[in-house]
Amino acid sequence: MNESCTVESGRVCVEVSGLRKSFGTSEILKGIDFGIRCGEIFVIMGPSGSGKSVLLKHLIGLERPTAGSVRIDGHEIDSPELLSKYRIAMVFQSGALLSSLSVGENVGLYLREHRIHPPAEINRIVREKLAIVGLAGSEEKMPTELSGGMKKRVAIARALVMDPQLILYDEPTSELDPLISVTIGQEIVKMRERTHATSIVVTHDRDLGFGIADRIALISGGRILTLGTPDEVRACDNPEVRTFLNASYQPPEEADRT
Ligand SMILES: Nc1ncnc2c1ncn2[C@@H]1O[C@H](COP(=O)(O)OP(=O)(O)OP(=O)(O)O)[C@@H](O)[C@H]1O
Ligand SMILES: [Mg+2]
């Protein structure tokens, strides 16, 4: 995978070394090291509050490390060259739609700002991407009229429109029903097949994570517990990893007996 890792091939790799992040006296990331290969789907999983969203924000330059570095194809994350050379899209956990714009305007914003296509073509692309996420015909709706799950799907359509080389998804299936979650998972995989975009997915959704990942990093307490292919992670005997992977709801009486 690595040999054709260039911006021209639409593939980028990411290197994270010695990444630490503190907010005040509280250290959230405690030394994170990993490399993401060009074109791979890299899934980051871990308990709530373990620092997944904070880590993801460092990978797109929205947070600055207290120590360590993030490089994309060898460029420091905050270098101006990086921003002019690469299309990087992020699907935020909250959706982060612009509330004063309609769904269609939100999805087409990047294309309009960059004047990449004439308006009729932009409308066609917007229609196509909304259909992919199961929201055909929602162009005129306003964000306030949408459920949480619909907002998330609009945010995914907005990222797809950029045809990004690197795409980051923060909890892409939270608030979505199981059928739409499966569609979104398939779309993440199809998107990688079509564009070779390197994809980083933060998720609690074990079915999604194990279903789409080339490799998975499990983090807890600001550190990586294990990193490997889905099979390698499934076989990991670290007790914390086992607890995370095996957690399942038990009716109260059964839980009392165990
Ligand atoms: N800007 C900030 N200032 C101070 N603390 C923050 C900030 N952003 C995140 N934190 C703290 O960092 C910790 C990790 O947050 P983060 O959002 O990365 O968790 P997460 O693993 O994404 O959780 P979830 O699965 O619930 O989304 C939390 O304790 C959170 O309160
Ligand atoms: Mg989060």
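The values are calculated or read from the model by the stated rules, or taken from the named source; none is laboratory data. Small disclaimer: the values here were computed from a predicted structure and weren't measured. Every residue, glycine as well, gets a Cβ built from its backbone with ideal geometry; the counts of neighbours run over all protein chains shown. Note: accessible area is taken over every heavy atom of the protein model, side chains too, but ligands, DNA and RNA are not part of it. Shrake-Rupley method; radii C 1.70, N 1.55, O 1.52, S 1.80 Å.
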Next on the checklist: Filter the range 153-190 down to the residues that are among the charged types (D, E, K, R) and in a loop (DSSP other than H, G, I, E, B) and list them by number.
Outcome noted: D163, E171, E175, D177
Checklist outcome for this item: Restricting attention to the range 38-60, the residues that are open to solvent by less than 30 Å² (accessible area, probe 1.4 Å), outside any helix (DSSP H, G or I) and within 13 Å of ligand 1 (Cβ to nearest atom) number exactly 5
Checklist entry - Tell me, which residue of the range 82-124 that is among the small types (G, A, S) and open to solvent by less than 40 Å² (accessible area, probe 1.4 Å) is nearest to L166 (Cα to Cα)? => result A89
Next on the checklist: Please count how many residues of the range 191-241 are open to solvent by less than 20 Å² (accessible area, probe 1.4 Å), within 16 Å of ligand 2 (Cβ to nearest atom) and outside any strand (DSSP E or B).
Outcome noted: 4
Next on the checklist: Could you go through the range 244-252 and let me know if any residue there is of a type outside the set (V, I, T) and either in a strand (DSSP E or B) or surrounded by 14 or more Cβ atoms within 10 Å (Cβ to Cβ) (or both).
Outcome noted: yes
Item to check | Filter result for the condition that a residue is open to solvent by less than 10 Å² (accessible area, probe 1.4 Å) and more than 16 Å from ligand 1 (Cβ to nearest atom), over A157, A136 | outcome: A157
Checklist entry - Any idea which of E128, E27, E15 is assigned to a helix (DSSP H, G or I) and more than 16 Å from ligand 2 (Cβ to nearest atom)? => result E128
